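This report refers to the structure that appears directly beneath it.
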């Protein structure tokens, strides 16, 4: 009797089962890898990368926080894409429920640089600034003070042969990196002020017989004297007229600055207004030695667009802030004294 077929050799059967097992294992691996890479991950997370951090360490952190399922998979994806060495210092905001591929995209983008916002009010003196930056957690008072005395950081201060940067730090709100140095901070402020000192505006100041340094100095006095921005052109006009006519400016804030006092602390009975300093405009003719604070845009502009006459078209030489909330401008001292008696 003839047999219909032969039984396959044992080795062939073993090979069949081995191949089948390999196919199943490969399919399982692909399925597992697909789930690791394509399925949603965990919660929203902000990853901070500092100098010296490695992808391996940051990927492990993401796995520990549940943002991704396997750090090795993320590293593999980024190596394959050529972005494994692209981590930069900063903050990476990773949205919730991201796949490993999406997280890899996030880490290949530019990070958010952590900053703190600092506001420098108009009219602040140099001595006030270290405390403002210390409160914001930036640099150290010692570093800030050292930078504030570096006149090489400002073209305007150098031109005036100043001993510090008083007057040449523009008041504004600035975003600073948390690790900004004292010099970086001061460079930012002085650089912003240099932007205000354009050739066109410097030329306008020259027409008023003012150097850049003198323009900023006068603007700082206007900043301290005016009750608001609307008054500044009038105040600037009075001082420009006094400079032209050889009359002492008689500005209280300059006296206070020269004595190292705040304006409310001035004491006439103690002889503060007769004490001579390089800043006193009661004892000395002309502008003080230098700026007495850091003036803002309105004060700088007011000098260049000063209102130099009264409503009647006469030269304005005196002004008074009255108790009625108004500024009273006069052309002569007798009228000024009458307004003092009436409004003070």
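From the list 322, 296, 312, the one residue that fits, being farther than 17 Å from residue 247 by Cα and buried (at least 20 other Cβ atoms within 10 Å of the Cβ), is 296. Screening residue 114 against (1) closer than 21 Å to residue 178 by Cβ; (2) at pLDDT 90 or above; (3) under 25 Å from the mean Cα position of the chain (by Cα) leaves a single unmet condition, (2). Restricting 286, 296, 290, 260 to those that are more than 20 Å from residue 216 (Cβ to Cβ), modelled with pLDDT of 95 or more, in contact with a helix residue (DSSP H, G or I) (Cβ under 9 Å, 6 or more places away or on another chain) and in the same structural domain as residue 214 (by TED's automatic domain parsing) reduces the list to 260.
If you take the residues in region 183-208 that are touching a strand residue (DSSP E or B) at 6+ places or on another chain (Cβ under 9 Å) and surrounded by 20 or more Cβ atoms within 10 Å (Cβ to Cβ), which one is farthest from residue 322 (Cα to Cα)? Among them, the one singled out is 185. Just to be sure before I move on: is residue 211 assigned by TED's automatic domain parsing to the domain that holds residue 288 and either touching a strand residue (DSSP E or B) at 6+ places or on another chain (Cβ under 9 Å) or modelled with pLDDT of 95 or more (or both) in the structure I sent? Yes: the conditions hold for residue 211.
Listed here are the residues, each with its yes/no results for (1) in contact with a helix residue (DSSP H, G or I) (Cβ under 9 Å, 6 or more places away or on another chain); (2) within 25 Å of residue 281 (Cα to Cα).
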site: 166; (1), (2): yes, yes
site: 176; (1), (2): yes, no
site: 181; (1), (2): yes, no
site: 193; (1), (2): yes, no
site: 198; (1), (2): no, no
site: 208; (1), (2): yes, yes
site: 251; (1), (2): yes, yes
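Quick one: how many residues across region 37-66 are free of Cβ contacts under 8 Å to residues at least 12 places away in the same chain and buried (at least 17 other Cβ atoms within 10 Å of the Cβ)? So the count comes out to 1. Exactly one residue among 204, 159 is touching a residue at least 24 places away in the same chain (Cβ under 8 Å), over 26 Å from the mean Cα position of the chain (by Cα) and over 16 Å from residue 294 (Cα atoms), and that residue is 204.
The values are calculated or read from the model by the stated rules, or taken from the named source; none is laboratory data. Keep in mind it's a predicted model, so treat the numbers as computed, not measured. FYI the Cβ positions are ideal-geometry reconstructions off the backbone, even for glycines, and counts take in every protein chain you see.
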